[in-house]
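In what follows, a single structure is set out as structure tokens and then discussed.
The values are calculated or read from the model by the stated rules, or taken from the named source; none is laboratory data. Keep in mind it's a predicted model, so treat the numbers as computed, not measured. Here the Cβ positions follow ideal geometry from the backbone for every residue, glycine too, while neighbour counts run over all protein chains shown. When the accessible area is computed, the model is the full protein with side chains, heavy atoms only, and any ligands, DNA or RNA have been set aside. Shrake-Rupley method; radii C 1.70, N 1.55, O 1.52, S 1.80 Å.
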Amino acid sequence: MPRTEPISAITPPTAGATTAPPGPAAETRPRGAGFDVLTLMCGIWLLTLAVVALVAPLLPLGEHQDSALTLAEPIYAPPDLSSAHPLGTNALGLDLLARVIYGARISLVVCISAVLIGMAVGGIVGITAGYLRGKVDVVIGVLTNSLLAVPTLIMLIALASVLRPTPQNMVIALSLVAIPGMIRVARAQTLALSQREYVTVARALGARRSRVILRELLPNVALAIIPLGMIYISALIVAEASLSFLGIGIRPPQPTWGNMIAEGQDGKMEQYPFLVIVPAFFLFLTVFSFNLIGERLRKVWDTRQVKL
């Protein structure tokens, strides 16, 4: 019987064709490296919300706070995109679109400020504890665990009952929620990074502790706490809305998403559901967007995927 050659051995290659061997490119490509439409939409939503909230005084919006200016306006007007109140009005004739936009100003300013304070304080304290170790690490660990042992809502209610319900005091109260988590993440990252070659070389060259912390450790630890900060913003937005809903946060007539949702109590939601749906929709989209972008950044930047 004559010997039969395989087809690949007798078929000439096509001119101009490149036959690259199958490599591990598909396996080694990081997840999420492609175009993410959902993340892009969340980013557009947050950017649009921030810009609109920033320029709110310049926009032709209805009255959002002073009920004395809305005596001639209809109360409980349903949403109508063709009217002067596209999202409706509340029991005092105040425009819901204006109120949710000004409520976004409160939520974003308060919660982002609280997270920035938590990142600054918690990051420096956590890096110091992880780098110096010893008694400093023990003392900081005890204080951090003490704050984490107190339920968040109970601590916020206690602080809100003592402090005046102003945005500045809300920033202080909410920052105490963010600081312990930032300390733990920064400390864990520092314990791992302090064994890297560039830190060892910096020590061998006689670099001071402050230089090692600020120049070598801080930029790398920031890649882990920034995504966590995005997630904390979403959590603090919910916390601030919860306190306002309970009546111990920022109170009317200053609008927040929480006290706007509270206007649907006492059976009003059944008759006028848009009183709750409008602020709840803005709250949901904002929290969802911050969570999704935070997780996206964590996957891209925090390659170690540290779990505490």
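The sole residue among Asn90, Asn145 that is at pLDDT 90 or above and under 23 Å from Gln265 (Cα atoms) is Asn90.
Looking across the stretch 156-179, just one residue is closer than 13 Å to Gly118 by Cβ and surrounded by fewer than 17 Cβ atoms within 10 Å (Cβ to Cβ), and that is Ile172.
Listed here are the residues, each with its yes/no results for (1) exposed (fewer than 13 other Cβ atoms within 10 Å of the Cβ); (2) touching a helix residue (DSSP H, G or I) at 6+ places or on another chain (Cβ under 6 Å); (3) modelled with pLDDT under 90; (4) of a type outside the set (Phe, Trp, Tyr).
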site: Ala53; (1), (2), (3), (4): no, yes, no, yes
site: Glu73; (1), (2), (3), (4): no, no, yes, yes
site: Pro79; (1), (2), (3), (4): no, yes, no, yes
site: Leu116; (1), (2), (3), (4): no, no, no, yes
site: Ala120; (1), (2), (3), (4): no, no, no, yes
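Within the stretch 52-90, no residue satisfies the criterion of being in a helix (DSSP H, G or I), in contact with a Pro (Cβ under 9 Å, 6 or more places away or on another chain) and free of Cβ contacts under 8 Å to residues at least 60 places away in the same chain. Is it fair to say Pro253 is modelled with pLDDT under 90 and open to solvent by 50 Å² or more (accessible area, probe 1.4 Å)? Considered against the rule, which asks whether it is modelled with pLDDT under 90 and open to solvent by 50 Å² or more (accessible area, probe 1.4 Å), Pro253 comes out as yes. For the stretch 103-114, filtering for residues that are open to solvent by 40 Å² or more (accessible area, probe 1.4 Å) and in contact with a Pro (Cβ under 8 Å, 6 or more places away or on another chain) leaves 1.
Among the candidates Ser107, Ser67, the residue that is among the polar types (S, T, N, Q), modelled with pLDDT of 90 or more and under 20 Å from Ser244 (Cβ atoms) is uniquely Ser107. Which numbered condition in (1) surrounded by 14 or more Cβ atoms within 10 Å (Cβ to Cβ); (2) under 24 Å from Lys299 (Cβ atoms); (3) of a type outside the set (S, T, N, Q) is the only one that Ala207 fails? Just one mismatch for Ala207, condition (2). Of the residues that make up the stretch 221-234, is at least one free of Cβ contacts under 8 Å to residues at least 60 places away in the same chain and either over 21 Å from Val136 (Cα atoms) or open to solvent by less than 30 Å² (accessible area, probe 1.4 Å) (or both)? The answer is no, given that none of the residues of the stretch 221-234 is free of Cβ contacts under 8 Å to residues at least 60 places away in the same chain and either over 21 Å from Val136 (Cα atoms) or open to solvent by less than 30 Å² (accessible area, probe 1.4 Å) (or both). Summed over the stretch 116-134, residues that are in contact (Cβ under 8 Å) with a residue 12 or more places away in the chain and either within 18 Å of Val171 (Cβ to Cβ) or polar (S, T, N, Q) (or both) total 8. Restrict the check to the stretch 286-295 and report whether at least one residue is open to solvent by 40 Å² or more (accessible area, probe 1.4 Å) and more than 13 Å from the chain's Cα centre (by Cα). The answer is no; no qualifying residue exists. Applying the set (1) outside any helix (DSSP H, G or I); (2) under 19 Å from Gly118 (Cα atoms) to Pro253 leaves exactly one unmet item: (2). From the list Leu153, Leu97, the lone residue that is open to solvent by 50 Å² or more (accessible area, probe 1.4 Å) and assigned to a helix (DSSP H, G or I) is Leu153.
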